[in-house]
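Colleague: My questions will all concern the structure given below.
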Amino acid sequence: MAPMLVHEIKHLVLKDIRLELKQKYAINGIILYVVSTIFVCYLSFSRIIEPETWNSLFWIILLFASVSAVSKSFVQESRSRQLYYYSIASSQSVILSKIIYNLLLTVILSLFCFGVFALLMSDVIVNHGIFFMALILGSFGFASILTMVSAIASRTDNNFTLMAVLSFPLVLPLLITLMKVSKNALIATTWAENSNLLLVILLINTVVVFLSYLLFPYLWRD
Amino acid sequence: MVLILFSLVAGLLIPVPDLPIIHQSIRNLFFHVGMWFAMLVIFTISFIYSIRYLSGFKTDNDIVAQEASKVGVFFGILGIATGMIWAKFTWGSWWVNDPKLNGAAVSLLVYFAYLVLRNSLNEEQKRAKVSAVYNIFAYVLLIVFIGILPRLAQGSIHPGDVNNPLTVKTMDNHLRLVFYPAIIGWILLAVWILNLRIKICKIEHKMNTL
């Protein structure tokens, strides 16, 4: 069972990546989205004086960008194609492969977002190690929560509004924790002081992946 | 009902210990805390019935989950309203940025989202299934959030915290005498309302299917 699952997941992830490289639609769209949003912020703020404002603005932009990036994952597949997956792969491998693919997407997105943000708004981070740890764990959390929510939202008709409504309250706890960690990274703090918060983020991620694994089969069967 | 009446009357009449800042507003304890306990119990019922729905696909279980979330939201709003009044008189503002208050706000948002999700689906089977999945997903995340975050954040000014001296232990016997019946009373009231609503909903459902 397990090797079979790994095999299926590998192929589904590769399929998504290949599809992406061929169409270059999602990634380019999101990159443009991030750049233009940050540029708008740059023009309206011109310079961020308070590091805390920098922090909140960064995470809010990242949240919106990841919502629009991940929400495509189930919507773009037509009903007939989903039926095809259903006949060749197990539902667990479908959701896990989607989470892994979205994880890659959001990690690229968040690193890129940080790059542009640091370029235009100046880099105010003191402890980069902790910040990047938070960034990667955060992308993992965003990817897993948003993947599951987009699977739920794709079952409805007006899924773009619902995507935001359903996901924001669920992402909020994660977002608050992330902001707290990265606020700590703005001043010189040690790893030991942040280990608790990072562990919480890790715990939330694990719970989300576990729940998605358990619950997705009910969404999949129709 | 008797317990609620008791808590209303006794809650307003008994002598209370004169604690700093809180003073007489401690009487709100019997209402505010009771409502939150009732809300949590009702949301837990909703969660359990969503799981039961997914394991058997019986419409009755879905009705219970739906009605429980509505009653829970109702008690949540009451809890927030009483809490806000309390906060205005003790902390000086209607709302403060505190992990517990944020947790409360997030849980209400989640259940509003749940109700919106229900309304957006027309097909009965699909609606029941999708919303049950969301309910379970959201409830577990909420419990993780409410359980862990306030403990990590230092300096919650909301009572009932590890760092905050005002816990159940500091209540005197008069308070406890009313506090425990009050909580049980609110929970029972909530369950009673829930039962009525479930019966109405089941009758409506039967009339629709006829």
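The values are calculated or read from the model by the stated rules, or taken from the named source; none is laboratory data. Since the model is a prediction, treat every value here as computed from it, not as a measurement. Virtual Cβ from ideal backbone geometry, glycine too; neighbours counted across all protein chains shown.
Colleague: Assess whether A:Val200 counts as being at pLDDT 80 or above, surrounded by 20 or more Cβ atoms within 10 Å (Cβ to Cβ) and under 14 Å from A:Asn127 (Cα atoms). Before you say what the answer is, go through the steps one by one.
Modeller: Details: at pLDDT 80 or above: yes; surrounded by 20 or more Cβ atoms within 10 Å (Cβ to Cβ): yes; under 14 Å from A:Asn127 (Cα atoms): no.
It is false that A:Val200 is at pLDDT 80 or above, surrounded by 20 or more Cβ atoms within 10 Å (Cβ to Cβ) and under 14 Å from A:Asn127 (Cα atoms).
Colleague: Still on this model: May I ask you to verify whether B:Phe47 is at pLDDT 80 or above and among the aromatic types (Phe, Trp, Tyr)? Quick ask: steps written out before the conclusion?
Modeller: Values: at pLDDT 80 or above: yes; among the aromatic types (Phe, Trp, Tyr): yes.
It is true that B:Phe47 is at pLDDT 80 or above and among the aromatic types (Phe, Trp, Tyr).
Colleague: From the list A:Leu170, A:Leu162, A:Leu174, exactly one residue is in contact with a Gly (Cβ under 6 Å, 6 or more places away or on another chain) and facing another protein chain (nearest Cβ under 10 Å). Which is it?
Modeller: After ruling out the rest, the residue left standing is A:Leu174.
Colleague: Are any residues in the stretch A:73-88 surrounded by 19 or more Cβ atoms within 10 Å (Cβ to Cβ) and of a type outside the set (Phe, Trp, Tyr), and if so, which ones?
Modeller: Residue satisfying the conditions is A:Ser73 alone.
Colleague: When you go through B:Ile63, B:Ile45 one by one, which is the residue that is surrounded by fewer than 24 Cβ atoms within 10 Å (Cβ to Cβ), within 12 Å of the chain's Cα centre (by Cα), under 15 Å from B:Arg197 (Cβ atoms) and in contact (Cβ under 8 Å) with a residue 60 or more places away in the chain?
Modeller: B:Ile45
Colleague: Quick one: which residue in B:Ala113, B:Ala138, B:Ala128 is small (Gly, Ala, Ser), out of contact with any Leu (no Cβ under 7 Å at 6 or more places or on another chain) and modelled with pLDDT of 70 or more?
Modeller: Criteria check complete, one pass: B:Ala128.
Colleague: Turning to a different aspect of this structure: Only residues that are in contact (Cβ under 8 Å) with a residue 24 or more places away in the chain and either facing chain A (nearest Cβ under 8 Å) or hydrophobic (A, V, I, L, M, F, W, C) (or both): list them for the stretch B:108-118, please.
Modeller: Once the filter is applied, which keeps residues that are in contact (Cβ under 8 Å) with a residue 24 or more places away in the chain and either facing chain A (nearest Cβ under 8 Å) or hydrophobic (A, V, I, L, M, F, W, C) (or both), the stretch B:108-118 yields B:Leu108, B:Val110, B:Phe112, B:Ala113, B:Leu115.
Colleague: What is the one condition in (1) more than 8 Å from every other protein chain (Cβ to nearest Cβ); (2) surrounded by fewer than 20 Cβ atoms within 10 Å (Cβ to Cβ) that A:Asp157 does not satisfy?
Modeller: Evaluating A:Asp157 over (1) more than 8 Å from every other protein chain (Cβ to nearest Cβ); (2) surrounded by fewer than 20 Cβ atoms within 10 Å (Cβ to Cβ) leaves (1) as the failure.
Colleague: Now for a different question. Give the residue that is surrounded by the fewest Cβ atoms within 10 Å (Cβ to Cβ), with candidates limited to residues of the stretch A:123-154 that are closer than 13 Å to A:Leu105 by Cα and either within 14 Å of another protein chain (Cβ to nearest Cβ) or among the small types (Gly, Ala, Ser) (or both).
Modeller: If we take residues in the stretch A:123-154 being closer than 13 Å to A:Leu105 by Cα and either within 14 Å of another protein chain (Cβ to nearest Cβ) or among the small types (Gly, Ala, Ser) (or both), then A:Ser139 is surrounded by the fewest Cβ atoms within 10 Å (Cβ to Cβ).
Colleague: Give the residue, chosen from A:Val70, A:Val40, A:Val6, that is touching a residue at least 40 places away in the same chain (Cβ under 8 Å) and either over 24 Å from A:Ser93 (Cα atoms) or not aromatic (Phe, Trp, Tyr) (or both).
Modeller: None of the other options fit; the residue is A:Val70.
Colleague: Looking only at the stretch A:181-211, which residues are more than 8 Å from every other protein chain (Cβ to nearest Cβ) and of a type outside the set (A, V, I, L, M)?
Modeller: If the condition is that a residue be more than 8 Å from every other protein chain (Cβ to nearest Cβ) and of a type outside the set (A, V, I, L, M), then A:Ser182, A:Lys183, A:Asn184, A:Thr189, A:Thr190, A:Trp191, A:Glu193, A:Asn194, A:Ser195, A:Asn205, A:Thr206, A:Phe210 are the ones that fit.
Colleague: Would you call A:Leu120 crowded, with 18+ Cβ neighbours inside 10 Å, away from chain B (no Cβ under 14 Å), over 29 Å from B:Arg127 (Cα atoms) and aliphatic (A, V, I, L, M)?
Modeller: No; evaluated as a whole, the condition is false for this residue.
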